[in-house]
């Protein structure tokens, strides 16, 4: 049987390709697929405990069986406007919004999209590109992601936060591609009748996004570049090891 395999972040560098279409025996499981690529790229084995695999845009357990036509992705730990969005989900029932873009993020436009007359608070968190990492000068960053899965995961996080907090609406928007110093890479916007739940929801939004959504950051210095090592949320690791 044939499956489509995608590699992101450091996994792409370790394997030496961004995608593959292997012909596998019937009964192949997720762990067998990992072993298949680790045998050809032994360095991959060193990250076995932190690289997760997804099957058809959902996190997959290692003992899950693969089927003809499946799309599998190798996912290393995530790094933690009026613009054109490459992927987006707008929840018509709640007014919440989730998107990926390669254009500059216009946070004011996102606020205007969410704000209602009954709201008395807006929290707009913008994550911006800083000029150094631990004192080492950064030239610029690049972000890449597994778009189809990422926007679905953002929507799931947002829906859970919306249900758990007394807020009006929430938006999660992440930029992809190259970003210069001072540019916004991610925006979390929350509107609510009162400030406390708005602050709490925004903080939960950025914390969960950085540990659950398959987005990876590469940092470019004067002499080299590195994928920024992050970490998966422990609950995800426990479920899918």
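Read-outs: derived from the displayed coordinates by stated rules, not from any lab. Note that the structure is predicted; figures quoted are calculated from it, not measured. Glycine also receives a Cβ, built like all others from the backbone with ideal geometry; neighbour counts cover every protein chain displayed.
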>> How would the stretch 146-188 be classified by its alpha-carbon gyration tensor: rounded, prolate or oblate, with rounded meaning a/c under 1.5 and the a/b versus b/c comparison settling the rest?
In response: oblate
> Can you tell me the Rg and Dmax of the stretch 91-141, counting just the alpha carbons, in angstroms?
Replying inline: 15.7, 46
> Given the C-alpha centroids of the stretch 135-156 and the stretch 64-131, what is the distance between them in whole angstrom?
Replying inline: 11 Å
> Under the classification rounded if a/c is under 1.5, otherwise prolate if a/b is larger than b/c and oblate if not, where does the stretch 4-76 fall, given a ≥ b ≥ c as square roots of the Cα gyration tensor eigenvalues?
Replying inline: rounded
>> If you build the convex hull over the alpha carbons only and average its shadow over all orientations, what do you get for the chain? Give it in nm² to one decimal.
In response: 13.9 nm²
> Based on the alpha-carbon gyration tensor of the stretch 38-136 and its eigenvalue square roots a ≥ b ≥ c, which shape applies: rounded if a/c is under 1.5, prolate if not and a/b is larger than b/c, or oblate?
Replying inline: oblate
>> Applying a 10 Å radius around every beta-carbon, put 39-51, 126-138 in order of their mean neighbour count, most first.
In response: 39-51, 126-138
